[in-house]
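Quick one: this structure, given as structure tokens, is what I'll be asking you about.
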Amino acid sequence: MSDFRKLGDGIYASPQIGVADIAQAAQLGVTLVINNRPEGESDDQTPGAEIEAVAHAAGMDYIAIPVTMQSLSQDDVSSMAQALGEAHGPVLAYCRSGTRSTLLWSLAEAMRGREPAEIADAAAAAGYDVAPVRAAMDAIYSARG
């Protein structure tokens, strides 16, 4: 069963999805699925290629931006910001628990010019805590000038 959590207009974060969850995503109008989970992270995860095939069959775009908290880089944040900016409708980002997707989304939103406090409030309303990246969000937002 899907656990899509709305982070804001047109953006959902979710724990690991399966191919059956794509139908629910389609009902929400999702046009882009972002996989933030490295392949082979656990034995019970649905391979990204399977999610990608079903998403494409449903008319959705798919992109993989696999991250761990140890490997999260500026390039990952930039890739997420670009994907969000180029999406043609609602986006569903997923990882093991939804937390990494939310943290990456938070940093990307700060890069795109959204106030960090507003981002933190939106994440909290969806049940996620962005405290692990809050200082980075503030720095990214401030660096925009």
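Set the Förster distance to 25 Å, then compute FRET efficiency between ALA64 and ASP44 from the Cβ-Cβ distance, nearest 0.05.
With R0 = 25 Å, the Cβ-Cβ based efficiency is 0.85.
Now, a different point. Normalising by the residue count of the chain, find the relative contact order in percent from Cα pairs under 8 Å and 6+ residues apart.
Values: 236 pairs, mean separation 41.8, N = 145.
Rounded, it is 29 percent for the chain.
Let me ask something else. In Å and from the alpha-carbon atoms only, list the Rg and Dmax of the chain.
Expressed in Å, the Cα Rg and Dmax of the chain come to 14.2, 44.
Still on this structure, I have one more. Please compute the length gained on full extension between ASP138 and ALA26, using 0.36 nm multiplied by the number of residues separating them and subtracting their Cα-Cα distance.
Between ASP138 and ALA26, full extension yields 36.9 nm more.
Exactly which GluC sites (Glu not before Pro) in the stretch 39-145 are in a DSSP loop and have at most 16 other Cβ atoms within 10 Å?
GLU39, GLU41
Computed from the coordinates by the stated procedures, all read-outs in this text should not be read as laboratory data. Only a predicted model underlies this, so the values are computations on that prediction, with no experimental measurement involved. Glycine gets a Cβ as well: all are built from the backbone with ideal geometry, and neighbour counts include every protein chain shown.
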